[in-house]
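Here the structure is laid out as structure tokens; the discussion comes afterwards.
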Amino acid sequence: GLDRDAVLATEALTKRFGGLTAVDSVDFTVDEGELRCLIGPNGAGKSTLLELITGQLSPTEGSVYFDGIDITDMPSHERIDAGLSVKFQSPHIYEALTVAQNLQIPLQRTDRADVDSAIRETLAEVGLADRAETPAGDLSHGQQQRLEIGMATTLEPTLMLLDEPVAGMSVEETASVAELIRSLNDDGMAFVVIEHDMEFVRKISDRVTVLNQGAIFQQGSIEEIEADEDVQRIYLGE
Ligand code: ADP
Ligand code: MG
């Protein structure tokens, strides 16, 4: 049966593209307040699994449960309203708008009366308090990624999904995003972070799930995963 403490659970979740099985009968469970990293070689099915969870894709078979509710057929905007936020691999910010205006966009979805204080709070959280009036297009790559995480946090999600949040970032930018994720997690927000930068995974992770050829290959602490010879083999074989 389903784990009652789980904020997220997939059951035999499967996605086929023609003859290719991108996600193959996956039972993936995330506990309340957990910070989970999802790793695996290119083409393992990580992004597809995330898009099945957010509703960008519908599964060929299987189910997705969020907070104990079957959301398999729920449209993605309703999942967002229910507390499931996502930051995709490619940036989704409005470059011509200021940082503060970008943060205002997701808040229009909510009934939060305190929009101004919500924006101020988020600016401080993501370290962009002195950039409120800067056009988002003028931010560094790392600042843009933090802005987008900020946009997702204004909705106060229970669970946040991030697809490769530090791809293309400098060492300093990567460290600041790691710090941001950890502090949001300390405040109780659960995360699923897709990443293949192991240095970064080591910085943030509680538990790691390894996906390979569409299936869960291994799960454990970062130490267990790094010491696992089978995991090393699939990475070397990439
Ligand atoms: P990862 O994010 O782990 O690199 P993906 O989930 O992007 O892997 O892809 C898993 C597999 O599914 C790959 O073989 C990829 O080519 C295939 N795939 C992903 N999206 C599609 C699609 N829309 N149509 C056909 N094949 C796809
Ligand atoms: Mg991917």
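Every number here is computed from the coordinates shown, using simple stated rules; none is lab data. Being a predicted model, the structure only gives us computed values, none of them experimental. Neighbour counts are summed over all protein chains in view; Cβ atoms, including those assigned to glycine, are modelled from backbone coordinates with ideal geometry.
Below, the figures for the structure above:
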| item | result |
| --- | --- |
| Among beta bridges that DSSP assigns inside the chain, antiparallel share in %, nearest 5 | 55 |
| Average Cα contact separation per residue, segment 90-156, under 8 Å, 6 or more apart, as relative contact order % | 51 |
| Relative contact order (%) - the chain, alpha-carbon pairs under 8 angstrom, separation at least six | 27 |
| Helical contribution to [θ] at 222 nm, DSSP H n ≥ 4, -39,500 (n - 2.57), averaged over the chain, rounded to 500 | -10500 deg cm²/dmol |
| Size of electric dipole in the chain: Cβ of Lys, Arg +1 and of Asp, Glu -1, about Cα centre, debye, nearest 20 | 500 |
